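One structure is given below, encoded as structure tokens.
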């Protein structure tokens, strides 16, 4: 079955949030500060804050 470009993009997007592997984020969250997480994943502090808020909501 053929898969369109949009389908491929949506399936890749479900694995990454802000370009961060979600499982890696959850693994390292209790051990690292926000600054360390931002440096580790190459995202801004604002993105780390948004990820933590989305985890708390779930």
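The number of residues in the range 41-53 being under 13 Å from residue 26 (Cα atoms) and under 10 Å from the mean Cα position of the chain (by Cα) comes to 4. Of the residues examined, residue 26 is one that is surrounded by 10 or more Cβ atoms within 10 Å (Cβ to Cβ) and either part of a helix (DSSP H, G or I) or at pLDDT below 90 (or both). Residue pairs whose Cβ atoms lie under 7 Å apart, separated by 6 or more positions or on different chains, with the first residue in the range 11-32 and farther than 17 Å from residue 56 by Cβ and the second modelled with pLDDT of 60 or more and assigned to a loop (DSSP other than H, G, I, E, B), are 19/43.
The values are calculated or read from the model by the stated rules, or taken from the named source; none is laboratory data. Since this is a predicted model, take the numbers as computed values, not measurements. Neighbour counts run over all protein chains shown; Cβ positions are idealised from the backbone, glycine included.
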